Amino acid sequence: MRRSRLRLFALVLVVLLAAGAGYWAGQQFDSADDDNEIEPSEPLTTTTRIGTLGEEYPAPISLEWTQDLALPFLGETGVVTALRSDSGSFSSVESGAVIGTVNGTPVVVLEGEQPAHRPMEVGITGIDVAQLQAFLVSAGFLMANDADGTFGEATAQAVQDWWETLGVEDRNTVPIGSVIFASDLPRLLSTDQSVQVGQFITTGAPFLVGVSSTPVASVTLTDIQEQRFLVEGAKFYASDPNGAEVEMTVLASQIRDGTNNIELGLPADVFDRWSFLISAPGTPARLRGRMVVTPPVEGTIVALAALNNLTDSNAIVRLASGDEVVVKVVAVVGGQAIVEPLDPGEVVVINP
């Protein structure tokens, strides 16, 4: 009996020791796990500031007028005694303007589609006479009811009065070569580069040159520039040699000589004051230009990585305080954005 009690006591002791050992091991394991846990890191933050964002690049612009008119001298061979301006220098010419003189007699440009192919004097009838009469009426030398396409006495008197204002006495006819009819006046005209003061000019020689009133403006971009900037609505600005700057609109894009050639449009009112840039028809003028991708904007600047749930122009900014602010994105340049309303000096959370 005593021996059985000793065996039972020993068995209980063994069980208790095993349970104690297991509890101690478990405590040690839990302690090791606690030691290996990583403390959560603080979020990355940045501070907003006041500033200006904008993006623009130099963009040299080509400006080219196309020749669309060439008229010969139809008068008798003579000497060029004066010119309105240097040959090859284009300017806006109105109907009735003196383009030059040959043998001291004015050569006048008038509005008209049909060439002045014959002398005009009393008794003749035709489109050329009607064109002459239309000018005389507009200039106040002829009554409208006398403009019937026939060169009569009233027209002869009007012609004489007109010539006298140009310094020519006692002439009531229009000799061939004294008038050149040109269409679409006023327009950009110049005497041909071969015409020089003091030189002979013969019948049929090149005399008057006209160019398109609307020049073709263009800028060359790389594929990357075109794909990015034009999609983003970039605007172009051109500066003439005097520093005057105008905005140009994008009209079309085409591949020319393996490059992306962007055709630009100019406001109509700049053509005349930029006509001095024409060196020769078909030879483009080079203008200083710039391409504005993002106009300069002033406001609160925040890192682009701080914008959450960016949709259209709205986003959410999380402050370090835990608050969230809904903002409107006004401009984005590189990795920064201008947003409103958000005060400068706010500490915001950067997204990981």
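Of the strands (runs of 3 or more DSSP E) that lie entirely inside segment 288-352, those containing 1 or more residues that are surrounded by fewer than 18 Cβ atoms within 10 Å (Cβ to Cβ) and within 26 Å of the chain's Cα centre (by Cα) span 324-333. Could you go through segment 237-246 and let me know if any residue there is of a type in the set (Phe, Trp, Tyr), crowded, with 16+ Cβ neighbours inside 10 Å and at pLDDT 75 or above. Taking every residue of segment 237-246 in turn, at least one turns out to be of a type in the set (Phe, Trp, Tyr), crowded, with 16+ Cβ neighbours inside 10 Å and at pLDDT 75 or above.
Listed here are the residues, each with its yes/no results for (1) closer than 30 Å to Thr48 by Cβ; (2) modelled with pLDDT under 70.
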position	(1), (2)
Lys235	yes, no
Arg256	no, yes
Asn261	no, no
Ala280	no, yes
Pro284	no, no
Glu298	yes, no
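In the condition set (1) surrounded by fewer than 21 Cβ atoms within 10 Å (Cβ to Cβ); (2) in contact (Cβ under 8 Å) with a residue 12 or more places away in the chain, Gln227 is compliant with all but (2). Return yes or no: is Gly123 small (Gly, Ala, Ser) and assigned to a strand (DSSP E or B)? Spelling it out, it is not the case that Gly123 is small (Gly, Ala, Ser) and assigned to a strand (DSSP E or B).
Test Val98 against the stated conditions and say whether it is β-branched (Val, Ile, Thr) and out of contact with any Pro (no Cβ under 8 Å at 6 or more places or on another chain). Please lay out each step first, then the result.
Numbers: β-branched (Val, Ile, Thr): yes; out of contact with any Pro (no Cβ under 8 Å at 6 or more places or on another chain): no.
No.
Of all positions in segment 207-226, none carries a residue that is closer than 21 Å to Ala130 by Cβ and in a helix (DSSP H, G or I).
Filtering segment 140-157 to residues that are aliphatic (A, V, I, L, M), surrounded by 15 or more Cβ atoms within 10 Å (Cβ to Cβ) and part of a loop (DSSP other than H, G, I, E, B) leaves Leu142, Ala147. Would segment 73-80 turn up any residue that is in a strand (DSSP E or B), more than 21 Å from Asp170 (Cβ to Cβ) and assigned by TED's automatic domain parsing to the domain that holds Pro186? Looking for residues that are in a strand (DSSP E or B), more than 21 Å from Asp170 (Cβ to Cβ) and assigned by TED's automatic domain parsing to the domain that holds Pro186, one finds at least one in segment 73-80, hence yes.
For segment 69-102, a residue qualifies if it is loosely packed, with under 15 Cβ neighbours inside 10 Å and in contact (Cβ under 8 Å) with a residue 40 or more places away in the chain, and the qualifying residues are Ala70, Glu76, Thr77, Val79, Thr81, Ala82, Glu94.
Among the residues of segment 158-172, are any touching a strand residue (DSSP E or B) at 6+ places or on another chain (Cβ under 9 Å), of a type in the set (S, T, N, Q), in a helix (DSSP H, G or I) and buried (at least 16 other Cβ atoms within 10 Å of the Cβ)? No, every residue in segment 158-172 fails to be touching a strand residue (DSSP E or B) at 6+ places or on another chain (Cβ under 9 Å), of a type in the set (S, T, N, Q), in a helix (DSSP H, G or I) and buried (at least 16 other Cβ atoms within 10 Å of the Cβ).
The values are calculated or read from the model by the stated rules, or taken from the named source; none is laboratory data. Keep in mind the model is a prediction, meaning the values are calculated, not measured. When we count neighbours, we look across all protein chains shown, and the Cβ atoms used for this are built from the backbone with ideal geometry, even at glycine.
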